[in-house]
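These notes concern the structure reproduced below.
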Amino acid sequence: MRVVSFLLAICFSFNVLASTGLNKALEEALDSYQYTMTVEWDQKDKAFYEQKTVEFHKELQSLMAQGLTKEDVATFLESKVKNKADLEALKIRTELAFSQSSDLNALAQLLSQDVGRMYSTGASWEGYYLISGIAVAGIVALLAYSIWFSANHTCVETGYATQCGWYSHYHNGPQYWQCWEQAVCTRYEEN
């Protein structure tokens, strides 16, 4: 039991050491900027947006002047971004920003644009599933109506209709455009 306690104490101390200094300041700057953009900004006032973005860029530039490196930012992004696809996209964009410009202003621009990807949407966020839920509900409704209609209606009159489509005479053979007559129900009555 003492060994487990000792290992936990060492792990916690390394965790505290890893989150101090410039990484902690970067995290606080991003948290503050993200809070400002999602809570305080009304999504309409462009002057407020510009002012807070310039303040964020100045804060990042001061961190970079203190010694924040590309590796520090990469480590921070790996710890902050939960979605693997977003993480890979951010890494590629970070590399491009550093390769195109020797100063770190491009990094400040990149981080201010992608700050929303670094935060989870929450456990109760279901906006991503709305479209698929509506589609599934529509398919289930059509299937239920089809079953109900077949159970409550009987075909009393049939006729023939012409149907056209691609037709093959044998499996995996060449297909030809062809029209044919097919029997269809022309009148239903309720049971």
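The values are calculated or read from the model by the stated rules, or taken from the named source; none is laboratory data. The model shown is predicted, which means the values in this text are computed figures rather than measured ones. In this analysis, Cβ positions are derived from the backbone assuming ideal geometry, glycine residues included, and neighbour counts consider all displayed protein chains.
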*For THR38, are the conditions met, namely being of a type outside the set (Asp, Glu), part of a helix (DSSP H, G or I), at pLDDT below 80 and farther than 15 Å from LYS80 by Cβ?*
yes
_Just checking, does the range 16-28 include any residue being of a type in the set (Gly, Ala, Ser), in a loop (DSSP other than H, G, I, E, B) and under 15 Å from SER79 (Cα atoms)?_
yes
*Identify all residues within the range 138-158 that are among the small types (Gly, Ala, Ser) and surrounded by fewer than 10 Cβ atoms within 10 Å (Cβ to Cβ); write none if there are none.*
ALA151
*Are any residues in the range 143-191 of a type in the set (A, V, I, L, M) and assigned to a strand (DSSP E or B), and if so, which ones?*
VAL156, ALA161, ALA183, VAL184
_Search result, residues across the range 72-90 that are free of Cβ contacts under 8 Å to residues at least 40 places away in the same chain, of a type outside the set (Gly, Ala, Ser) and closer than 21 Å to ASP31 by Cβ_ = GLU78, VAL81, LYS82, ASN83, ASP86, LEU87, LEU90
